[in-house]
Amino acid sequence: MSDAIESILQEDRKFVPPAEFTANALISSEEQYQQMWQLGKDDPEKFWGDLAKEELEWFQPFDSVMEGDMPDTKWFQGGKINASYQCLDQHLTTWRKNKAALIWEGEPGETRTLTYQELHREVCKFASVLDQLGVEKGDRVTIYMPMIPELAIAMLACARVGATHSIIFGGFSADAISDRNNDAQSKLVITADGGWRRGKEIALKSTVDESLEKSSSVEKVVVVRRTGGDIEMVPDRDYWWHDLMENASADREATPLDSEHPLFILYTSGSTGKPKGVLHTTAGYMLGTKMSSKWVFDYKDEDTYWCTADIGWVTGHSYIIYGPLANGVTSVMYEGAPNWPDEGRFWEVVEKYRVNIFYTAPTAIRAFIKWGDQWPQKYDLSSLRLLGSVGEPINPEAWMWYHKLIGGERCPIVDTWWQTETGGIMISPLPGVTPAKPGSCTKPLPGVVPAIVNEEGKELEANQGGLLVMTQPWPHMLRTLYGDHERFIETYFSKFDGKYYFAGDGARKDEDGYYWIMGRVDDVLNVSGHRLSTMEIESALVSHDLVAEAAVVGYPHDLKGEGICCFVIPKGDIPIDEVKNTLIKHVRHQIGAIATPDQIRFTPALPKTRSGKIMRRLLKDIAAGRENNQDTSTLEDQSILEKLRQEG
Ligand code: ATP
Ligand code: MG
């Protein structure tokens, strides 16, 4: 018997890139892509080595492109480089000197634009501040801030002096901060008094104060005044950002660092368990984020680009700051919620700044669908030319909505698959080349060589679902889990004896070589001996008019082994019970009797990580009627679990 995950979702729609888009694209033909991809596969040293020479600024050239195989590959050894230099200094001798690097909008409506030159100046000044505070090359610095320009300045200043930043999403608890402080042994914390979220002040400094009772490595705290809220400043420990910056020198060269110098630590979302402290290093990460953003977003110099992620997530690191700035792009940064003061806020921002490239997450798209078409319809979205999605599989019907309502049926959509661990986008359409199929992240980028294998590491045939692996190292892959190299090997490499990087996701590859992510391997259902993907059943549910969002999990079932439990967020008010039968029939009709739901449970909300991903592992406990004894530290709203239990 086959151990493959069976694919039951039918999706035959195909969207070819508009001719005009292709004509102006950086990568503009299938042949060009194939050639690059083949070189990346056959001769990665040449492929990445040439790019590193052309695209990065080196203080000292590297001696070798790659040394050693997975898991411990070293890239660009002997080279000296600095990430802040790549993002800033290199542009100052070009016309981009006075181009907007960051356009920032606060939730209450203030705006601030920093040109490359201005951002450079602020970063140099804060780098001098870090020097004064005794932060040295190799030290770890925690950043716990709202989405304000000082966050970008702080991270780039850390990079400038060679301190490794560890950014914690500004909404995590004191315990989450102290855990991460202790894990990273951070010396300094950079924070703000508070931030704005849905019109309310989120206190940050007081949370840091609490966390410091349990984080002994931290010596000093720098505080940005953002909200003007009432906070306590501890003498000789806490310093105001503006005081320190007042007389700081703007004359601070970027420190030349080894290629493998640790750039940052970032903890994963915790969708599948306790967060992991992913470590990225300098040269490989910069090359990967620069190239992937250039290929996938096809930047033009006149573009206004907006990635809506929080910088507390890897998407914000790679695609608000490092990737776009290395390319000299204008990157928009928005502080607040998508539904404040109303559900049209994102579209208002698009209209206001004439955003051309818009990159968001399926969780946001599903929220927009739920809020209704009237919101995007109120605004002029004609400036948009390219849309992106990241974070979870996008259900084909959500893709269609995005395509029609936001993209006006003219914008290609890049559905980008990647992970905190991969550092940058791995599988994605090239917008001028790859015909899109809704729900598929399509094909690997040049330099990325994935495969779909079974538990024994044997490659599966087309359309058989299996485990997604990477068969070759890439420059921007994680180097370790901070302080726990064993867990690093165990998590990503032990499954296939060090031969492949194991991503933890299930996927299939279709007859055209397109990848379809089927969800987490841990979440695969086993129904009467059939292995089914959660994503496919969810997509079938979401294709019904009454459904805004769905999460599917298995639970122990006497006859079938596992039963199918569907948690459904309806579009309007919670419908009456008959609708359950309608949905059950709909799923049967869409994907077949084997996927017939055993239970439909309506709910107004689902448990999600702070980055908006559905936490199916918690839903599994609820479906099975088990007590929860899992890590919920990254759960967005603790009360949802209680409600779901009661409603069960
Ligand atoms: P943890 O590893 O702690 O459980 P996490 O995996 O949610 O957290 P991230 O690194 O933020 O943390 O998320 C990466 C995961 O997100 C991928 O493994 C995949 O499951 C999912 N993902 C990201 N982009 C896509 C996409 N375009 N299509 C499908 N899934 C995606
Ligand atoms: Mg993960």
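Brief remarks on what is shown
- Interchain or long-range residues, amide H under 5 Å from Thr115's placed H: Ala101
- Inter-centroid distance (Cα atoms) of the stretch 297-316 relative to the stretch 177-210, Å: 24
- C-alpha long axis of helix 282-297 to longest principal axis of the chain, angle in °: 50
- Ranking of Tyr482, Tyr267 by count of other Cβ atoms within 10 Å, fewest first: Tyr482, Tyr267
- Antiparallel DSSP beta bridges within the chain, as percent of all bridges there, nearest 5: 60
- Taking other C-beta atoms within 10 angstrom as a stand-in for reagent exposure, His476, His317, His485 fall in the order His485, His317, His476, fewest first.
- Calculated FRET efficiency, Ala624 to Ser206, Cβ-Cβ distance, R0 = 41 Å: about 0.60 to the nearest 0.05.
- Values of log10 I(q)/I(0) for the stretch 556-644 across q = 0.11, 0.12, 0.17, 0.22 Å⁻¹ run -0.36, -0.42, -0.83, -1.18, by the Debye formula with one identical scatterer at each alpha carbon and no solvent.
- Inter-part distance, the stretch 86-123 to the stretch 462-478, computed on C-alpha centroids, equals 36 Å.
- Each label was represented as a point 7 Å from its Cα along the Cα-to-Cβ direction; for Lys97 and Leu39 these points are 3.3 nm apart.
- Within the stretch 524-647, DSSP assigns beta bridges of which about 80% are antiparallel (rounded to the nearest 5).
- Relative contact order for the chain: 15 percent, from Cα pairs under 8 Å spaced at least 6 residues apart, divided by residue count.
- Length gained when the stretch Glu57-Gln646 is fully extended (0.36 nm per residue, less Cα-Cα span): 206.2 nm
- Partner lysines whose Cα lies under 18 Å from the Cα of Lys458, excluding those fewer than 8 positions away in the same chain, are identified as Lys495, Lys499, Lys509.
- For the chain, the longest principal axis of the C-alpha atoms and the axis of helix 116-132 are separated by about 70°.
- Integer Hz, Karplus 6.51/-1.76/1.60 couplings in order for the stretch 221-230, x for Gly and Pro: 9, 10, 10, 8, 8, 10, 9, x, x, 7
- The stretch 521-532 - phi-based ³J(HN,Hα) in whole Hz, Karplus 6.51/-1.76/1.60, Gly and Pro as x: 4, 4, 9, 4, 8, 10, 10, 6, x, 9, 8, 10
- Between helix 578-591 and the chain: long-axis angle, C-alpha atoms, 0 to 90°, nearest 10: 90
- Computed with the Debye formula from one identical point scatterer per Cα of the stretch 146-281, without solvent, the log10 of I(q)/I(0) at q = 0.11, 0.20 Å⁻¹ comes to -0.42, -1.36.
- Stokes-Einstein translational diffusion, the stretch 68-192 - Kirkwood Rh over all Cα pairs, 1.002 mPa s, 20 °C, in µm²/s: 134
- Ratio of Rg to Rh for the chain: 0.95 [Cα atoms; Kirkwood radius as inverse mean 1/r over pairs].
- Normalised by the number of residues in the stretch 524-647, the average gap of Cα pairs under 8 Å and 6 or more apart makes the relative contact order 22 percent.
- Proximal lysines relative to Lys352, as straight alpha-carbon distance under 30 Å, when same-chain residues fewer than 8 apart are discounted: Lys97, Lys99, Lys200, Lys290, Lys294, Lys300, Lys370, Lys378, Lys404, Lys571, Lys613
- Note on Lys499/Thr582: beta-carbon distance plugged into 1/(1 + (r/R0)^6) with R0 of 45 Å gives a FRET efficiency of 0.40.
- Between the stretch 348-391 and the stretch 4-42, the Cα center-to-center distance that results, in Å: 24
- Phi-based couplings in Hz for the stretch 109-114 (Karplus 6.51, -1.76, 1.60; Gly and Pro marked x): x, 5, 9, 8, 10, 10
Quick note: the coordinates plus some simple rules give every number you see, no bench work behind them. Quantities reported herein were computed from a predicted structural model and do not represent experimental measurements. We place every Cβ from the backbone using ideal geometry, glycine too, and count neighbours over all the protein chains shown.
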